[in-house]
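In what follows, a structure is listed as structure tokens, so that the remarks can point back to it.
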Amino acid sequence: MRILGIETSCDETAIGVVEDGRRILGHVLASSQEMHGPYGGVIPEIAARVHVEVIWQVLEAALARAGSRLEEMDAIAVTSGPGLPGALLIGVAFAKGLALALDRPLIGVNHLTAHLYAGEMHQPEVAPPYVGLVVSGGHTVLGVMHPERQIEPLGETKDDAVGEAFDKVAKLLGLGYPGGPVIDRLSSDGQADAVAFPRHHTKGSFDFSFSGLKTAVYRHVRDTVGSGASAESEPSVKLPGGGRRTAVADIAASFQEAAVDMVVTRTLRACQRTGLRTIVVGGGVAANRRLRQRLADEGQVKGLTVVIPPPGLCVDNGAMVAGCAFETLRQGRTSPLDLSVEPNRPIGA
Ligand code: KG4
Ligand code: ZN
């Protein structure tokens, strides 16, 4: 069975073709990321407009890469939430049009569940139950994926998503948008223990908070190296002379270490609490090299199986949507043609 998966929940217009829920025949994405750069974050109106402009070309490119024709698709899947309302609407309207024209079932997919499914496609021997972690620009959630494919939420962020914290700190350091990949790269030139940034700990809970860490970075920059940087107003660090790169790399590495530490400790604690031995990680921040390394190393010490897909499947993509829909269809569930978008759709729904 071939399913076409459409993803437009944020700034990526992504389409993939997946066979039998596991075999990725081809997937393509176009991103409006660069257009958001000057603003330091995604501008919903720009994201939605670009989806409209490029979605047909992305479809043609994805089909060409998959060596498939549109008529060969057995179902049309689309992310219906969570995400930016206007951006989601483009994908959902496009998917409805295709489903109607081709007379194929329509399947609305939860974006967060799809991020976890990417791990299952990457490592097909992995099956629920497992501890699932989704870390992205919009979400930071930890939950248990049960065998019947129900997700039981364990914790989520109470303020910024971890990717959002990477993006905001990068903006402060004058590193551009999106900040995650730049901080990841720059951190290799810095000392992770150069600055002792605080780790927010929630006793007994699996919730996250990154705003304290973000504020600590702002304060550090203002008090030690910057000239008047403040949480909201000063977008970049001004450092005297040649010390800039080293100082910025140290801050980046120390921030990254603190953020990764909070994510890793909660995830390992979730395994301890639930007795589960497998962790599946998804979302753009799962591309982070330090997070991947720490989860792999610490997971190995504890005898856990840690599944993190390659970076191309961690970021938003259409293949994960198509794959995830296969499971939904297998359970006999499809969506009506009046499917609506759910911008705040929670992980378990
Ligand atoms: O999953 P995604 O593509 O879109 C959302 O659903 O949000 O994630 C994008 C986020 C951005 O915040 C970006 O800075 C972050 O993922 N990101 C990273 C890395 N690559 C992307 N964060 C840390 N390290 C990375 N290597
Ligand atoms: Zn995402």
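Every number here is computed from the coordinates shown, using simple stated rules; none is lab data. All values reported here derive from a predicted model rather than from experimental measurement. Note that each Cβ is placed from the backbone with ideal geometry, even for glycine, and that neighbours are counted across all protein chains shown.
Taking label points 7 Å from Cα along the Cα-to-Cβ direction, T265 and E152 give a separation of 2.5 nm. Taking label points 7 Å from Cα along the Cα-to-Cβ direction, D103 and D74 give a separation of 1.8 nm. What is the range 128-311 by shape, rounded, prolate or oblate, if you read a ≥ b ≥ c off the alpha carbon gyration tensor as root eigenvalues and call it rounded for a/c under 1.5, prolate for a/b larger than b/c, and oblate otherwise? Cα axes put the range 128-311 in the prolate bin. Here each label is just a point 7 Å from Cα along the line to Cβ, and for T224 and R333 those points are 4.8 nm apart.
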